[in-house]
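The next block holds one structure in the form of structure tokens; read it before the comments.
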Amino acid sequence: MPSITTLRGITEKIEDLSRQRDDLVRFPDEELAGIIRDVGFSCTGCARCCTREFNGHVFLLDDDVEQCMRIDAGALIPAPGFELCDQHGNFYVSGYVLRCREDGDCIFLEGTRCRIYAQRFRICRIYPYMLHREWGDDGRYEWRQIAGLNEHGEYHAHLSAGECRRIAAETISYEKDFLEKEIAFYTFCTAFFKEHNLRPVRKVYDQQMRRFQHGEAVTVYVFDRGALKRHRVTRDAY
Ligand code: SF4
């Protein structure tokens, strides 16, 4: 079900994302570094985080997409959960994710090893420190982490203060760039929809989604490095 079915809804989404971004920028690195130090997460190499079962999909930022294209362009697919659908049945989504194999493992996973580890993507580097946004009592967004606590890895390891600060800064930088990509996507779509006399329509979204779920190919425009790229996809890609 799309959350946005009017152009006004897109504007409100941009405003909300901008508020999240502004609250994130105010979030003190030191506070996050302290949480990271207290949790003391240590990877045990179980590779669960590299599976669809555990983690859904691996979303890539623009610089990751460029890197992935150099490694294997076939590893990229439009992100699922298409955000918008116009009256002609075309979906729009804010970026690419990594393809998984049929068993749900990331396409770059071999056994429990990442075969591109030295070149892995930004989300892979900060995992599991990605942040979750929630409304706080004061009407501002609060930021929480860590993903999958107690479901993988080990805890209470000693991490140096410098290492905690580095992780915190990298995590906040990632989240900021993610939000800015989302804002850019919705801003671009607003102009694109107006220019081409398009509008988001829930009924059409639902019809197209049913076709997609039944195995039919659908058109998805992916927002990639400031432009929309057209794809035809079926659910088999996922
Ligand atoms: S690219 Fe490597 S680290 Fe990232 S999800 Fe895939 S296997 Fe895991």
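For Lys229, a cut-off of 20 angstrom between C-alpha atoms picks up these lysines, skipping any fewer than 8 places away in its own chain: Lys181, Lys194.
Counting Cα-Cα pairs of segment 135-238 in 10 Å increments starting at 0 gives whole-percent bin shares of 10, 24, 27, 25, 12, 2. Of all the options Tyr129, Tyr117, Tyr141, the one that moves most in a Gaussian network model of the chain with Cα springs shorter than 10 angstrom is Tyr117. Helix 202-213 against the longest principal axis of the chain: what's the angle in degrees, Cα atoms only, rounded to the nearest 10? Helix 202-213 and the main axis of the chain meet at about 70 degrees. Once each of the trypsin sites (Lys or Arg not before Pro) sitting in a DSSP loop with at most 16 other beta-carbon atoms within 10 Å is removed, the chain keeps 1-100 as its longest stretch.
In segment 39-171, the inverse of the mean reciprocal separation of distinct Cα atoms equals 16.7 Å; this is its Kirkwood hydrodynamic radius. Across all directions, the average projected area of the convex hull around the alpha carbons of segment 7-237 is 13.7 nm². Computed extension length for Glu66-Tyr155: 28.6 nm, one decimal, from 0.36 nm per residue of separation with the Cα-Cα distance subtracted.
Taking Cα atoms only, the orientation of helix 62-72 departs from the longest principal axis of the chain by about 90 degrees.
Values in this text are rule-based calculations from the coordinates and carry no lab data. On a predicted model such as this, the values are computed, not experimentally measured, just so you know. Heads up, the Cβs are rebuilt from the backbone with ideal geometry, glycines too, and the neighbour counts pull from every protein chain shown.
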